[in-house]
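The values are calculated or read from the model by the stated rules, or taken from the named source; none is laboratory data. Here the structure is a predicted model, which means the values were calculated and not measured. Here the Cβ is made from the backbone with ideal geometry for all residues, glycine too, and neighbour counts use every protein chain on show. Heavy atoms of the whole protein, side chains included, go into the accessibility calculation; ligands, DNA and RNA do not. Shrake-Rupley method; radii C 1.70, N 1.55, O 1.52, S 1.80 Å.
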Amino acid sequence: SPSEREIAIDAATDRKNAAMEKQENDDSNQEDDRETKIAQANNFHNAYDRRKVVWREVSAIVTDPFQPYSPRLNLLAKAGFGLAAGVEFNIHGCRGLVVYMTRESADKEQMKTTENEAYLRASTTVCGAICAFQAQRQIASQRMLLNTDKVDFGQNSSQRTPIKGQDADNKKQEQPQNDVKSKMKPEAPCLDFLSSRLIAAARKSIYGGNVQPPPAATWIQSLINIFGVFSAIAAIALFSNGVSNATNAESFVILPVYGALVTLQYGLTAAPPSQPRNIILGQFLGMSIGMAISKAASLELWLRQSLSAALVVGCMSKLGTIHPPAGALAIIFSAGNNTWNHVGT
């Protein structure tokens with residue numbers, strides 16, 4: 001009847017409309033999920049790309065006495081490379097550092113642009129992905145070899161026909177192992193092992209962590225250092241005597257700290273502890289912390305001195321302003337015998 005047909009058509013239309021609405025909802029949900037994933041990926045990318053690109057002069061690194069000697073770096077500096085920057089990567093547990101170098105005549109401002117730094121970070125990510133791929137591929141290859149060695153070929157496994165060239169490759173792989181076994185010495189006794197470890201530890205403590213000493217100065221530089229140190233200490237000593245006489249010895253300059261300061265200024269001019277930022281902040285921290293600790297009169301003198309030196313070194317390490325004379329200054333002021341009138345720095 002026509003009424004039944006209309007009912008069937010209406011039901012089919014309703015089902016079609018419901019299916020279309022469901023499809024639209026699924027599409028919108030998928031679109032929302034995709035936008036959410038894209039936003040998460042962008043957030044991760046932005047957080048990951050906060051890696052700083054710090055350019056340094058190659059010549060400054062070569063002449064820095066606190067850096068280990070590197071013949072390769074010296075050759076690169078002589079070859080005309082003026083700037084160097086390192087960008088780190090960490091991809092699936094594979095961590096490393098990619099070093100970029102530019103010629104000496106390169107525009108420093110152009111190297112520090114946002115676009116160039118983004119390009120270097122992206123290049124570092126690609127290099128890190130290649131390293132991670134190689135590492136994972138090596139692990140997978142080793143696992144496949146281990147699984148192959150465990151396969152049981154049955155009783156006729158010894159009668160299998162080797163692949164062409166396989167015997168030669170096996171002999172080549174076995175030959176180095178045999179040579180290594182033949183060259184291996186018998187294990188040393190416990191006493192010999194301990195003595196060798198003690199000798200190695202003593203040698204390391206004497207020579208340091210493979211850091212070369214500063215290069216020897218020329219005669220002219222040595223004479224300039226002698227004249228400069230003598231003039232600086234003489235001027236400070238005369239100034240201290242004048243202030244002491246004018247104030248009836250109530251105010252004066254603490255000279256021992258200046259002895260360490262001029263040693264850094266004239267002996268290690270290019271070293272980080274000799275830079276103005278380290279000197280100013282280091283001396284201020286040493287004096288402030290030393291005088292603050294000296295107010296704790298209930299503490300013993302040895303405890304005040306050790307505590308002040310430890311706090312000063314910790315603060316300078318955190319701020320990146322290491323300055324050795326500041327530790328001595330903290331010990332001097334923590335004794336409680338000096339005030340701001342005896343600062344002189």
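For the stretch 236-337, report the % of Cα-Cα distances exceeding 25 Å.
For the stretch 236-337, the fraction of Cα-Cα distances above 25 Å is 25 percent.
Just to verify a number: FRET efficiency for A232 and S105, C-beta to C-beta distance, R0 = 45 Å, to 0.05? Walk me through the numbers before you get to the answer.
Working: r = 37 Å, r/R0 = 0.83.
Rounded to the nearest 0.05, the efficiency is 0.75.
Is the stretch 56-97 best put as rounded, prolate or oblate by its Cα gyration tensor, with a ≥ b ≥ c the root eigenvalues, rounded for a/c under 1.5, and otherwise prolate when a/b is larger than b/c, oblate when not?
On the way: a/c = 2.61, a/b = 2.09, b/c = 1.25.
The shape class here is prolate.
Hey, rough spin-label estimate for R51 and F133, points 7 angstrom out along Cα→Cβ, what's it come to in nanometres?
1.7 nm
So for T124, T114, what's the accessible-area order with a 1.4 Å probe, most first?
Heavy-atom accessible area, descending, gives T114, T124.
If the convex hull of the alpha-carbon atoms of the stretch 217-265 is projected onto planes in all directions, what is the mean projected area in square nanometres?
3.3 nm²
Give me the accessible area of Y119, 1.4 Å probe, in Å² rounded to the nearest 10.
140 Å²
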